[in-house]
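J.: Submitted below is the structure of interest, expressed as structure tokens.
No lab work stands behind these numbers, since they all come straight from the coordinates. Source: prediction; values computed, not measured. Neighbour counts are summed over all protein chains in view; Cβ atoms, including those assigned to glycine, are modelled from backbone coordinates with ideal geometry.
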Amino acid sequence: MVDFDHPRRWPAYAVAVLFLGYAAGKAAFALQARLGFPGGPPVSAAESGRYFMEAAMAQWLATASGVLGACVAVATVTALGRRLPRALMLLVLVGMLLAVGGGAGIMIVDGFVGIGVGWQWYHGVLGVVVIGLFLEMIRSYAAATRRVGG
């Protein structure tokens, strides 16, 4: 029988590793001034004027968001992170779930149905795994910080 009330640390560590992998990929794209996954085209100087910001800057910001996401994931299982206000942390985690779920959802749909982005079926499987890990990380955090008694 599975004990769902017991908090688990491994999903948070797995999510942190995934976020760091995302950050590393985005940093590699930033160094090449490329857009998107799985292999966006290089952006010429003439084209960069059409975008809100240059491709490299957008990718560096995405790199920072990946590192920040990894820090939040680790905070769900550390004593320092668990001292943060529970409602605030849950709000942050739900916001992150929406962002991660949106990206994973695109991977799932494109991997299994095909919408032209370029993801393959195994990316779709990874998207399902990522959403499951993230949900388990949130559930584990909620279980670990639940106040028992009154």
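J.: Compute the Cα gyration tensor for segment 50-146, then decide on rounded, prolate or oblate, letting a ≥ b ≥ c be the square roots of its eigenvalues: rounded whenever a/c is under 1.5, prolate when a/b is larger than b/c in the other cases, and oblate in all that remain. Walk me through the numbers on the way to the answer.
T.: On the way: a/c = 2.87, a/b = 1.46, b/c = 1.96.
Because a/c hits 1.5 or more and a/b fails to exceed b/c, segment 50-146 counts as oblate.
J.: At 7 Å along Cα-to-Cβ for each site, give me the label-to-label distance between ALA24 and VAL128 in nm.
T.: 2.6
J.: Using a Förster distance of 30 Å, how high is the FRET efficiency between CYS71 and ARG146, based on the Cβ-Cβ distance and rounded to 0.05? Provide the component values of the computation, followed by the final result.
T.: Values: r = 23 Å, r/R0 = 0.77.
Given R0 = 30 Å and the Cβ-Cβ separation, E is 0.85.
J.: Short version: ³J(HN,Hα) in whole Hz for each residue of segment 129-143, in order, from phi by Karplus 6.51 cos²θ - 1.76 cosθ + 1.60 (θ = phi - 60°), x for Gly and Pro, what are they?
T.: Running phi through 6.51 cos²θ - 1.76 cosθ + 1.60 with θ = phi - 60° gives 4, 4, 4, x, 4, 5, 4, 5, 5, 5, 4, 5, 4, 4, 5 Hz.
J.: Moving to a separate point now. Taking just the C-alpha trace of segment 88-135, give me its Rg and Dmax in Å.
T.: When restricted to the Cα atoms of segment 88-135, Rg and Dmax are 11.6, 37 Å.
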